[in-house]
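First comes the structure, then the notes that go with it.
What follows draws every value from the coordinates through simple rules; no lab data is involved. Worth saying up front: this structure is predicted, and the values here are computed from it rather than measured. For neighbour counting, all protein chains shown are included, and Cβ atoms are generated from backbone atoms with ideal geometry for every residue, glycine included.
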Amino acid sequence: MPKVTIDGHSIEVPDGTTILEAARKIGGKIVPPAMCYYSTLKTSGGYCRTCIVKVSKGSERDPRPMPKPVASCRTTVMDGMEVENITSPDLMEARAGVVEFLLINHPLDCPICDQAGECHLQDLSYEHGLSKSRYEFERRTFEKIDIGEKIKLHMTRCILCYRCVKVADQLCDGRVHGVINRGDVSEISTYIKNVVDNDFSGNMIDVCPVGALTDRTFRFKSRVWNVNPVDAHRDCKKCAGKVMLWQKGPEVFRVTGRKDTYGEVIDWICNECRFDKKQTSDWVIEGPSNIERTSVISQNHYTLPEPAHKPLLNDVKIVPDHYQIDNKK
Amino acid sequence: MQSLTNRSKVVVKKEMTWMEKIYLPAILGGLKITLKHFFRKKVTINYPEEKRDIAAVYRGLHVLKRDENGAERCTACGLCAVACPAEAITMIAAERKGGEEKLYREEKYASTYEINMLRCIFCGLCEEACPKEAIFLTDQLVPTFRDRADFIYGKDKLVEPKDAPVDISKRQTAEVKEFKTHKQYTHNKL
Ligand code: SF4
Ligand code: SF4
Ligand code: SF4
Ligand code: SF4
Ligand code: FES
């Protein structure tokens, strides 16, 4: 098994693992951000370049460094490879450059955008971006398009990560959604407008890292941090039925798939669960979702899920043995 | 018990003398202090007939500004509500319809926007958080009411009238404007 060292942390991973996946196995701050790679979508990755890393040693057999930063989501590890991510100031500068490129045509109108608060581009530009753009030319803008009754496409915000296209390709049969044109003028399109009625098309909303694809049933209803996420499930014939409900009081504002640490959906959910089951009574509620403390969504939420193991009184060894409470007496 | 400061005194309860028992000297002593205050300079003023000078950057009643064309600037982004330490601000957003471009500057606007003036501590953090330069604090005071519900100011009271713009330039000092240009003072981590 090849051994790879990322920012000083070593790990052995199976052959064919990408640098990004190896970094995710280590976890923590050294994991490169990813805007287009999605572990559960085949052939995703390689478009956005936010995940670039510096390979300072190619492998044990050929220790030369790679001449320029490589996309970690598409580069597989070699034995003895040494990778620098956050420890390399050069790389951080390069990533800031990538972010600047992503933002060239992006409106950054987060105050209006429904994605704000759970947007990866927002996080990225917050960490790396400049407060002013150096771009002086006119930005490309598009009219908003309704893709079917439930999804809104605002191409202006799209970063062309192709994730939604992979969803359309791999989850929905009879694909009606793709990218047309090339380069600066390329745009997401449904080949026949208004015909995304596949049962899993709603997952495009969840995979979209920005606010380009949003839920029309939730549009402008609330900011994401003003609704409480709870884990819930129901018996669904089409999908696993494991979702996150976003509630305010007893009202369900929206339903999304559950996401892991890297913001990737764990189980795809069907459109019926997502758009039509907006009653608390449709769901069995498991408890508050675990939201990272650093996320704005966790603001004002004082409850965390109960720990799986609650220490019993007798487990606590601060009480001397002869004072131990005997529950049997 | 050992004293920590060496200044503690043991309280003794001793019998009062005859002079102390008639209380009169003590009462007179108290009245003397009262009398002295009649001739001192008053520390209070007769509000609202008289008013104190307030600082140019006084933080009083809020105003929701309109832009140059008279459209409301607020886009119901909720950042003021997140910043507010007193949780005084609530709002409901709505989508602008065709033909309403003159009323609201952005595609989304606040259909209701309420500040509970009883909760508000006039810290000005909402003004600092606002990305649209929509909310400002003014030098107006919040009046008193007899009903708690009257302290909840809605858009009818907060949005500036179209024909009488509220001047907020006093609080926008050169220092404030300077400050806003520095990225390192914001929460952005490098
Ligand atoms: S997509 Fe993200 S970065 Fe872009 S406007 Fe929406 S929240 Fe902001
Ligand atoms: S619409 Fe969203 S998911 Fe699709 S390519 Fe654009 S940014 Fe990616
Ligand atoms: S002045 Fe302070 S307390 Fe009052 S509404 Fe604004 S942020 Fe809240
Ligand atoms: S007043 Fe400013 S911060 Fe508050 S919701 Fe409106 S635009 Fe956002
Ligand atoms: S995540 Fe690797 S290139 Fe986009």
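Which residues does the label zone of residue A:79 cover in the stretch A:11-27, counting backbone N under 14 Å from a point 7 Å along Cα→Cβ?
A:12-16
As a test of the formula, what do you get for chain B when each DSSP H run with n ≥ 4 contributes -39,500 (n - 2.57) and the sum is divided by the residue count, at 222 nm and rounded to the nearest 500 deg cm²/dmol?
-5500 deg cm²/dmol
Would you calculate a helix-derived [θ] at 222 nm for chain A, using -39,500 (n - 2.57) for each DSSP H run of n ≥ 4 and dividing by the full residue count, to the nearest 500?
-3500 deg cm²/dmol
I'd like the FRET efficiency for residue A:282 and residue A:170, computed as 1/(1 + (r/R0)^6) with the beta carbon distance as r and R0 of 35 Å, rounded to 0.05.
The pair residue A:282/residue A:170 has a calculated efficiency of 0.80.
Kindly put A:186, B:8 in sequence by how many other C-beta atoms sit within 10 Å of each C-beta, fewest to most.
B:8, A:186
Sort A:154, A:9, B:62, B:37 so the one with the fewest other Cβ atoms within 10 Å of its own Cβ comes first.
Neighbour counts put them in this order, fewest first: B:37, A:9, A:154, B:62.
At a 10 angstrom cut-off on C-beta neighbours, averaged per residue, how do the peptides A:102-109, B:99-106, A:163-170 rank from highest to lowest?
In decreasing order of mean packing, A:102-109, B:99-106, A:163-170 become A:163-170, A:102-109, B:99-106.
Inverting the mean 1/r over all pairs of different Cα atoms, compute the Kirkwood radius of the stretch B:62-188 and quote it in Å.
Answer for the stretch B:62-188: a Kirkwood hydrodynamic radius of 15.5 Å.
Working from the pairwise distances between different alpha carbons, so that the mean of 1/r is found and then inverted, what is the stretch A:103-159's Kirkwood radius in Å?
Computed over the stretch A:103-159, the radius equals 12.7 Å.
Taking H as built 1.01 Å from N, whose amide H comes closer than 5 Å to the amide H of residue A:46, not counting residues under 5 places away?
Long-range HN contacts for residue A:46: A:37.
Once the Cα atoms of helix B:24-38 and of chain B are each reduced to a long axis, what angle between those two axes, in degrees from 0 to 90 to the nearest 10, is obtained?
Tilt relative to chain B: about 40 degrees.
Could you run the Karplus curve 6.51 cos²θ - 1.76 cosθ + 1.60 with θ = phi - 60° over the stretch A:58-64 and give me ³J(HN,Hα) per residue in whole Hz, x for Gly and Pro?
Karplus values, whole Hz, x for Gly and Pro: x, 6, 5, 6, 10, x, 5.
Stretch residue A:143-residue A:42 to full length: gain in nm at 0.36 nm per residue minus the Cα-Cα span?
Length difference between fully extended and current span is 33.3 nm.
Calculate the mean, over all residues of peptide A:120-127, of how many other protein chain Cβ atoms lie within 10 angstrom of the residue's Cβ.
1
Could you tell me the calculated FRET efficiency between residue B:169 and residue A:133, based on Cβ-Cβ distance and R0 = 22 angstrom, to the nearest 0.05?
The calculated FRET efficiency here is 0.20.
Counting only residues 5 or more places away or on other chains, whose amide H sits under 5 Å from the amide H of residue A:81 once H atoms are built in the peptide plane?
A:3, A:5, A:60
Where does each of A:60, A:143 land when they are ranked from fewest to most other beta-carbon atoms within 10 angstrom?
With the sparsest Cβ surroundings first, the list reads A:143, A:60.
Restricting attention to chain B, give the cysteines that have no other cysteine Cβ less than 4.7 angstrom from their Cβ.
Within chain B, the cysteines lacking a partner Cβ under 4.7 Å are B:74, B:77, B:84, B:120, B:123, B:130.
Just how large is the dipole of chain A about the Cα centre, in debye to the nearest 20, putting +1 at every Lys and Arg Cβ and -1 at every Asp and Glu Cβ?
For chain A, the charge dipole is close to 360 debye.
Roughly how compact is the stretch A:1-104, stated as its Cα Rg over 2.2 N^0.38 Å to two decimals?
1.00
Students often forget the sequence filter, so: which lysines lie under 30 Å Cα-Cα from residue B:32 once same-chain residues fewer than 8 apart are removed?
In chain and number order, the partners are B:9, B:13, B:14, B:21, B:41, B:42.
By average Cβ neighbour count within 10 Å, what is the ranking of B:43-51, A:31-39 from highest down?
Output ranking for B:43-51, A:31-39: A:31-39, B:43-51.
So what's the protein assembly as shown giving for Cα Rg divided by 2.2 N^0.38 Å, two decimals?
Compared with the compact-globule rule of thumb, the protein assembly as shown sits at 1.31.
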